[in-house]
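Beneath this line is the structure, given in C-alpha cells, with notes to follow.
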Protein chains: 4
Amino acid sequence: MDFRKKLRIGVIGGAKPGKKALETAYQVGRLIAENEAILVCGGLSGVMEAASKGAKDGGGLTLGILPGVLPYEANPYIDIAIATGLGYSRNSLVALNADVLIAVDGQYGTLSEIAFGRIYKKKVIGLNTWAVEGVERASSPEEAVEMALGNR
Amino acid sequence: MDFRKKLRIGVIGGAKPGKKALETAYQVGRLIAENEAILVCGGLSGVMEAASKGAKDGGGLTLGILPGVLPYEANPYIDIAIATGLGYSRNSLVALNADVLIAVDGQYGTLSEIAFGRIYKKKVIGLNTWAVEGVERASSPEEAVEMALGNR
Amino acid sequence: MDFRKKLRIGVIGGAKPGKKALETAYQVGRLIAENEAILVCGGLSGVMEAASKGAKDGGGLTLGILPGVLPYEANPYIDIAIATGLGYSRNSLVALNADVLIAVDGQYGTLSEIAFGRIYKKKVIGLNTWAVEGVERASSPEEAVEMALGNR
Amino acid sequence: MDFRKKLRIGVIGGAKPGKKALETAYQVGRLIAENEAILVCGGLSGVMEAASKGAKDGGGLTLGILPGVLPYEANPYIDIAIATGLGYSRNSLVALNADVLIAVDGQYGTLSEIAFGRIYKKKVIGLNTWAVEGVERASSPEEAVEMALGNR
C-alpha cells in the first residue's frame, strides 16, 4: 500500500445534484478505484458522497477535505478525512491535492474548484458541468477516467 | 470619515490585462470613489492597481487583500493593505469583503472570485469578463458602477 | 489621512477578560490612537472591543480581522472590518498585519497570536499575559505603548 | 485497513531540533504505529520527519499537512501528504486533525500548534517542550504515547 506513488484524481460537484449526476459520480469513483488511483473530494454529500461510495465499492482509497473543524463530519465512505475549518476557502485545497480533476454537475462551489484547478495548472475534465474555457469535456464516466489517467 | 456605513465595491480582474481593460478598471475605480464607496481588491498589479489608482484620483479609500505575508507588497494606491499569507485561497476573502463585485477582464483567479462572489450571494457585474451564469453584464464603467450602487 | 505610513499596533487578548484587563486594554487602545498609530485586532469582544473603544475615543483608526464571514459582526468600534471565514486560523492574520503586538491577559487564542507574532519576527509586548520566552513584559499601558513605538 | 476508526496522534516539534529530540521523536512515532494509531504531523523535516520515519518503521500510516502547495514536498516517510498553500496558518489544521497531540522540543511554530490544540480542546502532552499551562508533561516516549492512548 504505497500511497505516495498513486495518482490522485479529484472529483468535484454539487452537494445536491440530480439522480443522473449521482449515478455518474458513482461510476467515476468506482473507475478511479479500479484503476488504482486515489479519490480526492470535498468529503461531504451529493456528488462527493456518490463518488466516494463508488471508490469504496471498487476497493480504493478515499480522501475528503472538509470545510468544517470535525473530521467526523465526512460522509461514511471517506477513509481519510481532513478537517480544515476554512469554510469555502477549503475549495482551493481540494484542487491542490488532486493531480487531475473531474467535475460532475455542480454549482458555484464546483466553479470555484474548476478555477483553482486551472490556477494550479491541473487538467480539468467535465461531465455535464460548467462549460468554461479550460474544461475538457468527456461524454461518459469511462471516457472521463481514461482522460484523467492520461490514456486519451 | 465613518467607513462602517460606506458601500464596499470589489473590483476583480487579472494581473496582466490589455490596455483597454486597464482603462476600464481605472474608470471603475474612479467612479467608485466619486460615489463615496470603498474599493476592495486583491491589492496587486494590473486591474487591481488601475482600479486603485482611479479610486485614489477620485479621492476614495482603497482596501487590498493580499496573497502574501507582507502588507508592503501592495500596489502604491492601496490605503489599507491586509496580508493573508494564504496564496490563492485569499481570493475567497476578496469576495467576502465586498458588498458587490465588478469583474473586469481576468483569467482563472478572477473566475474563482466570481464563483466565491456567487457562493456568498453577492451581485457580480461583468465588463468583458467570463460569461458565466450569475454574472450580470454591463457595457461601460458608468453602467457597472450604477448597477453596483443599486441604481439600475 | 495617509494610512500607509502609520505604524500598526496589534492588541491581542481574550474575549472574556476581567474588569482590570478591560481597563488596561482601553488605555492601550487610547494611547495607540493618541500616538497616531493604527490599532489592529481580532475585531470581536473583550480586550479587542475595549482597545477599539479606546482607540476611537483617542481619534484613531481601527482595523478588525474577524474569524467569520460577515464584516458586520465586528464590534461597534471597528472602522475597517475584514471578514476571513477562516475560524481560528485567522489568528495568523492578526499577527501578520501588525508591526508590533501588545498582549493583554488572554487565553489560548492569545497564545497562538503571540506564537504567530514571534514566527513572523514581530516584537511582542505583554501586560499580565502569558509569560513565555519572547514576550517583553511591560508594567503599564503607557510603558507598553512606548515600547511598541520603539521609544524604549 | 479501516482508517476511520483509528486514533490519530499528532506529533509537533521543530524543523531543526537537536539529536536527542530527533531520537525522542523517532521513538514516539514508532510507538504510535505499534499501537495502531495514525501519525499526523506537519509533513516536513526535523521532529516531523523523525516521527514519520519511526511510524513507518513501526508499520503505521503517516499523514502530513504541509504549508506549501506541493504534496511532493513532504518528507519521504509521509504516506498521505496534504498540501494547503496556507503557510504557517496550516498549523491550525495540524491540531484540528489530531485527536491528541504530543509536542517534542520545538520553537514558536510548535507553540502555535500547542495553542491551537488547546483552543480545540485536545489533550496536549509535552516532552521537553514549552512549559505552558495546559501541556501535560511526560518523561519518556513510552509515557507520552501511553498518555495519548488514554492508558494513563
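Using the average count of surrounding beta-carbon atoms within 10 Å as a protection proxy, the listed peptides A:74-83, C:70-79 rank, highest first, as A:74-83, C:70-79. Expressed per residue, the C-alpha convex hull volume of segment A:46-118 stands at 86 Å³.
Between residue B:4 and residue C:133, the distance separating the two model label sites (each 7 Å from Cα on the Cα→Cβ line) works out to 4.3 nm.
Provide a whole-number value for the mean count of partner chain Cβ atoms within 10 Å of the Cβ atoms in peptide A:138-146. Please report the intermediate quantities before stating the final value.
Values: counts 0, 0, 0, 0, 0, 0, 0, 0, 0.
Per-residue shielding by partner chains comes out at 0.
Positive contributions from Lys and Arg (+1) and negative ones from Asp and Glu (-1), summed over other residues with Cβ under 9 Å from the Cβ of residue A:29, come out at +2.
Could you run the numbers on buried accessible area between C and B, total for both chains, 1.4 angstrom probe, in Å² to the nearest 100?
Values: alone 7660 and 7660 Å², together 13020 Å².
For C against B, buried area totals roughly 2300 Å².
For chain C, hydrophobic long helices are taken as DSSP H runs at least 18 Å long by C-alpha position along their axis with mean Kyte-Doolittle hydropathy of -1.0 or more; these are C:19-34.
Could you tell me what percent of the accessible area of chain B is made up of carbon and sulfur, with a 1.4 Å probe and every protein chain present? Please list the in-between numbers first.
Working: 2720 of 5650 Å².
After summing per-atom areas, the C and S share lands at 48 percent.
With a ≥ b ≥ c the root eigenvalues of the C-alpha gyration tensor of segment C:1-81, is it rounded (a/c under 1.5), prolate (a/b larger than b/c) or oblate? Oblate.
Can you find, among A:11, A:120, A:98, the residue sitting farthest towards the positive end of the charge dipole of segment A:3-149, where Lys and Arg contribute +1 and Asp and Glu -1 at Cβ? So the residue furthest toward the plus end is A:120. Residues whose amide H comes within less than 5 Å of that of residue D:12, counting only those at least five positions distant or on another chain, are D:102, D:103, D:104 (H built at 1.01 Å from N in the peptide plane).
Report, in deg cm²/dmol and to the nearest 500, the calculated mean residue ellipticity at 222 nm for the protein assembly as shown, where each DSSP H run with n ≥ 4 adds -39500 (n - 2.57) and the sum is divided by the residue count. After summing the helix terms and dividing by the residues of the protein assembly as shown, the value is -10500 deg cm²/dmol. Taking amide H as placed 1.01 Å from N in the peptide plane, the amide H of residue C:136 sits under 5 Å from that of C:124, C:125, C:126, each at least 5 places away or on another chain. Per-residue packing, averaged as other Cβ atoms within 10 Å, sorts the ranges B:106-116, C:134-144 into the order B:106-116, C:134-144, beginning with the highest. Rounded to the nearest 20, the size of the Cβ-charge dipole of segment D:78-152 about its Cα centre is 280 debye, with Lys and Arg at +1 and Asp and Glu at -1. With a/c under 1.5 counting as rounded, go ahead and sort segment A:95-137 into rounded, prolate or oblate using the C-alpha gyration tensor (a ≥ b ≥ c being the square roots of the eigenvalues; past the cut-off, prolate if a/b is larger than b/c, else oblate). Note, shape of segment A:95-137 comes out prolate. Here the alpha carbons of chain D define both size measures, Rg and Dmax, at 13.3, 39 Å. Taking a point 7 Å out from the Cα of residue B:143 in the direction of its Cβ, the residues of segment B:95-118 whose backbone N falls within less than 20 Å of it are B:100-106. Residues in segment B:3-149 average 35 Å² of solvent-accessible surface per residue, probe 1.4 Å, ligands and nucleic acids excluded. Each of C:72, C:31, C:58 was placed along the dipole of chain C (beta-carbon charges, centred on the mean Cα), and the one lying farthest toward the positive end is C:72. Counting only other chain Cβ atoms within 10 Å of each residue's Cβ, the peptide D:104-117 averages 5. Remark: C-alpha extents of the protein assembly as shown on the principal axes read 62, 61, 33 Å, sorted largest to smallest.
Other chains' Cβ within 10 Å of A:88-101 residues: what's the mean? Don't skip to the answer; put the middle values down first.
Working: counts 10, 15, 6, 7, 13, 10, 0, 5, 13, 8, 1, 1, 0, 0.
That average works out to 6.
Taken about its Cα centre, segment A:35-123 carries a charge dipole of about 320 debye when Lys and Arg each add +1 at the Cβ and Asp and Glu each add -1 at the Cβ.
The values are calculated or read from the model by the stated rules, or taken from the named source; none is laboratory data. Remember, predicted model here, so these are calculated numbers, not experimental data. FYI the Cβ positions are ideal-geometry reconstructions off the backbone, even for glycines, and counts take in every protein chain you see. All accessible areas refer to the heavy atoms of the entire protein, side chains included, with ligands and DNA or RNA removed. Shrake-Rupley method; radii C 1.70, N 1.55, O 1.52, S 1.80 Å.
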